[in-house]
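Input: a single structure, listed below in structure tokens.
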Amino acid sequence: MKILVTGFDPFGGEKVNPALEAVKSLPSEIHGAEVHWVAIPTVFYQSAEVLEAEINRYHPDAVLCIGQAGGRASLTPERVAINQDDARIPDNQGNQPIDTSICLDGQAAYF
């Protein structure tokens with residue numbers, strides 16, 4: 001089994017993204033599964049392109065995307081993916097989409 005694990009590069013003026021640092025510390029094998037990690041740029045639309053390219057290159061059986069959620073004291077898996085970009089702060093290239101569909105022909109949400 002091959003697992004791809006991602007973490008975003010630092011953003012919002014921070015020097016370090018703890019989520020990426022945790023991902024980088026993973027061993028290359030866990031219980032017989034090969035683990036590969038990649039840093040994803042915190043740039044709208046570019047991040048999806050990098051992730052898709054890595055999936056096509058590595059052909060993982062599973063993908064686990066890790067993100068930083070400041071102020072949370074525990075792990076909180078996302079349960080619903082909403083097809084909307086609504087950035088509270090600009091990304092690392094100054095993009096700040098508000099109420100924008102991520103995938104124009106996609107569903108409103110994915111459960």
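Okay, here's what the table says:
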quantity: Filter result (outside any loop (DSSP other than H, G, I, E, B), under 28 Å from Lys24 (Cα atoms) and among the β-branched types (Val, Ile, Thr)) within segment 66-111; calculated: Ile66, Ile82
quantity: Enumeration of residues in segment 22-38 that are farther than 12 Å from Thr6 by Cβ and open to solvent by less than 80 Å² (accessible area, probe 1.4 Å); calculated: Pro27, Ile30, Gly32, Ala33
quantity: Given (1) at pLDDT 95 or above; (2) in a helix (DSSP H, G or I); (3) open to solvent by less than 80 Å² (accessible area, probe 1.4 Å); (4) of a type outside the set (Ser, Thr, Tyr), index of the condition Arg57 fails; calculated: (3)
quantity: Segment 33-49 residues that are under 16 Å from Ile102 (Cα atoms) and in a helix (DSSP H, G or I), paired with ones that are of a type outside the set (Val, Ile, Thr) and open to solvent by less than 20 Å² (accessible area, probe 1.4 Å) (beta carbon under 9 Å, 6 or more apart); calculated: Gln46/Asp91; Ser47/Asp91
quantity: Pro10 being touching a helix residue (DSSP H, G or I) at 6+ places or on another chain (Cβ under 8 Å), surrounded by 15 or more Cβ atoms within 10 Å (Cβ to Cβ) and in a loop (DSSP other than H, G, I, E, B); calculated: yes
quantity: Leu26 vs. criteria under 26 Å from Pro90 (Cβ atoms) and not aromatic (Phe, Trp, Tyr); calculated: no
quantity: Scope segment 82-97; condition touching a strand residue (DSSP E or B) at 6+ places or on another chain (Cβ under 8 Å) and closer than 21 Å to Phe11 by Cα; matching residues; calculated: Gln84, Asp85, Asp86, Pro97
quantity: Residue selected from segment 69-102 under the condition among the hydrophobic types (A, V, I, L, M, F, W, C) and surrounded by fewer than 10 Cβ atoms within 10 Å (Cβ to Cβ), by the criterion farthest from Val43 (Cα to Cα); calculated: Ala73
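The values are calculated or read from the model by the stated rules, or taken from the named source; none is laboratory data. Because the structure is a prediction, the values reported are computed rather than measured. Please note: Cβ atoms are built from the backbone with ideal geometry, for glycine as well, and neighbour counts cover all protein chains shown. Quick note on the areas: whole protein, heavy atoms, side chains included, nothing else; ligands and nucleic acids left out. Shrake-Rupley method; radii C 1.70, N 1.55, O 1.52, S 1.80 Å.
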